[in-house]
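J.: Quick one: structure below, then a few questions.
The values are calculated or read from the model by the stated rules, or taken from the named source; none is laboratory data. It should be emphasised that the depicted structure is a prediction, and the values quoted were computed from it without experimental measurement. Quick reminder, even Gly has a Cβ in these numbers, built from the backbone with ideal geometry, and neighbours come from all protein chains shown. What goes into the accessible areas is simple: the full protein's heavy atoms, side chains included, and nothing from ligands, DNA or RNA. Shrake-Rupley method; radii C 1.70, N 1.55, O 1.52, S 1.80 Å.
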Amino acid sequence: FAVVTGANKGIGRVTSIALARNGWQVGLLGRDLIGLQSVADEIGDTALPVHCDVSDRKSVSMAFSTIKAKFNRLDLLFNNAGVVIPASPLEEVATEDWKRVFDTNVGGVFYCTQEAFLLMQDQKPQGGRIINNGSISAHVPRPNYAPYTASKHAITGLTRSTSLDGRKYNIACGQIDIGKI
């Protein structure tokens, strides 16, 4: 069973459909339940749309409780959900925008990873795979995108830490760094 965050559009949508076509049951997580349902309708019975705001710890816990109740396991988590704010000079970035980017792009990955660990370490067979959607911007930043760049740079550190901490549970974690889409 796989979970994809930000599954209602873009990379998350395409990934969810590809996983389903390759035999996976897929939990579709996102804030736009109508968009999630559209993806689920395209996939069919092997998709489970679950409303989830990854920036909200309680929302993530409830979403993963739903997944555990229905499937009682998790083999793959694709931490894909993310936000970006319009380009803005660093000195003009509003505190609220900075927090929104970090709460979603870093907090969301952290919360979902914690929940995945809890499921993956207790299931039989133990373990699973986590893929984090980083960004080439973490390594080659664009001007006026400091919040996004910093958040994606944090994902690289979180991915490396998750990879180390997951070893004892047979949980592997890697990262993809996609350019602008």
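J.: Considering the range 17-32 alone, what residues qualify as being open to solvent by 80 Å² or more (accessible area, probe 1.4 Å) and under 16 Å from the mean Cα position of the chain (by Cα)?
T.: Arg31
J.: Continuing with this model, one more query. Tally up the residues in the range 64-96 that are outside any loop (DSSP other than H, G, I, E, B) and touching a residue at least 12 places away in the same chain (Cβ under 8 Å), please.
T.: Qualifying residue count for the region: 11.
J.: Further question on the same structure: Would you tally the residues in the range 97-126 being in a loop (DSSP other than H, G, I, E, B) and surrounded by 16 or more Cβ atoms within 10 Å (Cβ to Cβ)?
T.: Result for the range 97-126: 1.
J.: Within the bounds of the range 97-120, is there any residue that is in contact (Cβ under 8 Å) with a residue 40 or more places away in the chain and at positive phi?
T.: No - not one qualifying residue is present in the range 97-120.
J.: Inside the range 132-181, can you point out the residues that are at pLDDT below 95 and either β-branched (Val, Ile, Thr) or outside any loop (DSSP other than H, G, I, E, B) (or both)?
T.: Once the filter is applied, which keeps residues that are at pLDDT below 95 and either β-branched (Val, Ile, Thr) or outside any loop (DSSP other than H, G, I, E, B) (or both), the range 132-181 yields Ile136, Ser137, Ala138, Val140, Ile178, Ile181.
J.: All but one of (1) touching a helix residue (DSSP H, G or I) at 6+ places or on another chain (Cβ under 9 Å); (2) open to solvent by less than 20 Å² (accessible area, probe 1.4 Å); (3) of a type outside the set (Ser, Thr, Tyr) hold for Val84, so report the exception by its number.
T.: Failed condition: (2).
J.: It is to be established whether one or more residues within the range 48-56 are out of contact with any Cys (no Cβ under 9 Å at 6 or more places or on another chain), modelled with pLDDT of 95 or more, polar (S, T, N, Q) and assigned to a helix (DSSP H, G or I).
T.: Scanning the range 48-56 turns up no residue that is out of contact with any Cys (no Cβ under 9 Å at 6 or more places or on another chain), modelled with pLDDT of 95 or more, polar (S, T, N, Q) and assigned to a helix (DSSP H, G or I).
J.: Tally up the residues in the range 127-170 that are touching a strand residue (DSSP E or B) at 6+ places or on another chain (Cβ under 9 Å), surrounded by fewer than 16 Cβ atoms within 10 Å (Cβ to Cβ) and of a type in the set (Lys, Arg), please.
T.: Here the count works out to 1.
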